[in-house]
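A.B. asks: Before we start, here is the structure in question, set down as structure tokens.
The values are calculated or read from the model by the stated rules, or taken from the named source; none is laboratory data. Every value quoted in this text rests on a predicted model; they were computed, and no experiment measured them. Quick reminder, even Gly has a Cβ in these numbers, built from the backbone with ideal geometry, and neighbours come from all protein chains shown.
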Amino acid sequence: MRRETAFKVMSAAALACIAAWTAMIAGWIPAFAAMAVFIVAFPVFVIFLALWWMYSQGKEDIPFIGY
Amino acid sequence: MIGYLVSATFTGLLMLGIHRKVIARIQKRPGPPIWQEILHTLKFSFKSTWVPATASRTLFIAVVLIGIGIWCAALFVVTEGGSVLILFGIYMLHKIVEHGYGLSSGSPYGKFGGVRSVISATSEIPLFVTIAAIYLFTHSLIISDIVAYQAVHGPLLLSVPPAAVAMYLVLLSKMPYGPFSIVESKELVSGYKTEHFGVWRAGLEVCNGLKTYVLLYAAVLIFIGQFPIWAMLALMLALLVSLSFVCALSPMLSPYDSVTVQTLATAFMIVYIIALVVMA
């Protein structure tokens, strides 16, 4: 995966969380709807944040090829 | 809500670090610093990441996302005073996720870890009996109702101590380095999570942090009651340290013995529930 792709997915997940939280505070959506968004978007945010910042610019290690 | 989710993750990881530290001090070792699990999570998220050639790529990645997602849901169920049944349904779902971690990698260590995860599902049986005992007293399985019941009648820990002991066993089975930690046993390298490294392991650590926080919080909430957050954290810490003592002083059981002990605990709880029903 390209670094830009990881960044875009991570940003989209973060925006979804912030938008859901804002909409809940404003009373536009019920709390359970905001929670449903968090349950889906938070794991995506965590994984793609890590994929984005670990993305190596240098030479890769030799990958494990399985048993 | 976002802040609570993130702080619960870090608090859970910190508690896992305290767990390791307490075990080490009891065993007269210096042990790692208490923030070690937080450092682990950050460290893994910077490591090279790929999917093993033998792995089922979709499942290998999806279980990490599902693992974090289900414990986010559990956190919301607990904090919003939802149903105990949903919480414990999520707990059982975690077993399936653990199984998925192990089987998706294609590694024999992971597979054995996954199989042991299914075997250790016996630890959930005391959980169901615990739910029955709680229902007999409170006539509700909604956490907010259980908390309200305790505000009037006192902690369930004093009313139904055997159920609290059964819940304690369930917590013990989820703590690392404990007598029932057969899924992460050292003869399986790291058990079901052996092949999940780099970012995937960081995600798994986030899942573990959330799981630890939610289970300790739920145990305090269901058996002692609702308090200000600092008191909840103090009670969770006390519970954690007691679990660390048990983990430090007891050897890891073999898979067969682990299942036997948990089945015996369940049998004892069933007898207790029948006695309660007969007396009622």
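A.B. asks: Scan region B:34-44 for residues that are in contact with a Leu (Cβ under 8 Å, 6 or more places away or on another chain) and either over 14 Å from residue B:20 (Cα atoms) or among the charged types (D, E, K, R) (or both) and jot them down.
C.D. replies: Residues satisfying the conditions are B:37, B:41.
A.B. asks: Given the criterion under 30 Å from residue B:100 (Cα atoms), over 16 Å from the mean Cα position of the chain (by Cα) and surrounded by fewer than 18 Cβ atoms within 10 Å (Cβ to Cβ), identify the matching residue among B:148, B:132.
C.D. replies: Testing whether each residue is under 30 Å from residue B:100 (Cα atoms), over 16 Å from the mean Cα position of the chain (by Cα) and surrounded by fewer than 18 Cβ atoms within 10 Å (Cβ to Cβ) leaves just B:132.
Here is a yes/no grid of residues against (1) of a type outside the set (Val, Ile, Thr); (2) in a helix (DSSP H, G or I):
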{"residue": "B:222", "(1), (2)": "no, yes"}
{"residue": "B:232", "(1), (2)": "yes, yes"}
{"residue": "B:235", "(1), (2)": "yes, yes"}
{"residue": "B:238", "(1), (2)": "yes, yes"}
{"residue": "B:242", "(1), (2)": "yes, yes"}
{"residue": "B:252", "(1), (2)": "yes, no"}
{"residue": "B:259", "(1), (2)": "no, yes"}
{"residue": "B:263", "(1), (2)": "no, yes"}
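A.B. asks: Regarding region B:69-81, can at least one residue be identified that is assigned to a loop (DSSP other than H, G, I, E, B), over 18 Å from the mean Cα position of the chain (by Cα) and closer than 30 Å to residue A:20 by Cα? Steps first, please.
C.D. replies: In the first step, residues of region B:69-81 are kept if they are assigned to a loop (DSSP other than H, G, I, E, B); the result is B:80-81.
Next, from what is left, pick out any that are over 18 Å from the mean Cα position of the chain (by Cα): B:80-81.
With the extra rule that they be closer than 30 Å to residue A:20 by Cα, the set shrinks to B:80-81.
Yes, there is a match, as at least one residue in region B:69-81 is assigned to a loop (DSSP other than H, G, I, E, B), over 18 Å from the mean Cα position of the chain (by Cα) and closer than 30 Å to residue A:20 by Cα.
A.B. asks: Taking into account only those residues within region B:86-127 that are aromatic (Phe, Trp, Tyr) and within 15 Å of the chain's Cα centre (by Cα), which is nearest to the other protein chains (Cβ to nearest Cβ)?
C.D. replies: At the first step, the residues of region B:86-127 found to be aromatic (Phe, Trp, Tyr) are B:88, B:91, B:101, B:109, B:112.
From what is left, the residues that are within 15 Å of the chain's Cα centre (by Cα) are B:88, B:91.
On the way: B:88: 17, B:91: 16 Å.
The extreme case among them is B:91.
A.B. asks: Hey, among A:47, A:39, A:29, which residue is surrounded by 14 or more Cβ atoms within 10 Å (Cβ to Cβ) and either of a type in the set (Asp, Glu) or not in a helix (DSSP H, G or I) (or both)? Even if it seems obvious, please write down each step before you answer.
C.D. replies: Details: A:47 fails: either of a type in the set (Asp, Glu) or not in a helix (DSSP H, G or I) (or both); A:39 fails: either of a type in the set (Asp, Glu) or not in a helix (DSSP H, G or I) (or both).
Only one candidate passes the filter, namely A:29.
A.B. asks: Follow-up question, since we're still on this one. Before we move on, is residue B:197 at pLDDT below 85, over 11 Å from residue B:223 (Cα atoms) and either hydroxyl-bearing (Ser, Thr, Tyr) or under 19 Å from the mean Cα position of the chain (by Cα) (or both)?
C.D. replies: Numbers: at pLDDT below 85: yes; over 11 Å from residue B:223 (Cα atoms): yes; either hydroxyl-bearing (Ser, Thr, Tyr) or under 19 Å from the mean Cα position of the chain (by Cα) (or both): no.
Answer is no for this residue.
A.B. asks: OK, next. Checking the conditions here, which among B:6, B:64 is facing another protein chain (nearest Cβ under 10 Å), more than 22 Å from residue B:178 (Cα to Cα), assigned to a helix (DSSP H, G or I) and touching a Phe, Trp or Tyr at 6+ places or on another chain (Cβ under 8 Å)? Give the derivation first.
C.D. replies: Details: B:6 fails: touching a Phe, Trp or Tyr at 6+ places or on another chain (Cβ under 8 Å).
After ruling out the rest, the residue left standing is B:64.
A.B. asks: Working carefully through the options A:6, A:23, A:16, find the one that is modelled with pLDDT under 90 and part of a helix (DSSP H, G or I). Let's see the steps before the verdict.
C.D. replies: Values: A:23 fails: modelled with pLDDT under 90; A:16 fails: modelled with pLDDT under 90.
Matching residue, one of A:6, A:23, A:16: A:6.
A.B. asks: With the checklist (1) more than 12 Å from residue B:1 (Cβ to Cβ); (2) more than 8 Å from chain B (Cβ to nearest Cβ) in hand, flag the one item residue A:22 doesn't pass.
C.D. replies: For residue A:22, the exception is condition (1).
A.B. asks: For region B:12-30, state whether one or more residues are part of a loop (DSSP other than H, G, I, E, B) and aliphatic (A, V, I, L, M). Please lay out each step first, then the result.
C.D. replies: Here is the first cut: in region B:12-30, the residues part of a loop (DSSP other than H, G, I, E, B) are B:27-30.
With aliphatic (A, V, I, L, M) added as a condition, the list becomes none.
No, the conditions are met nowhere in region B:12-30.
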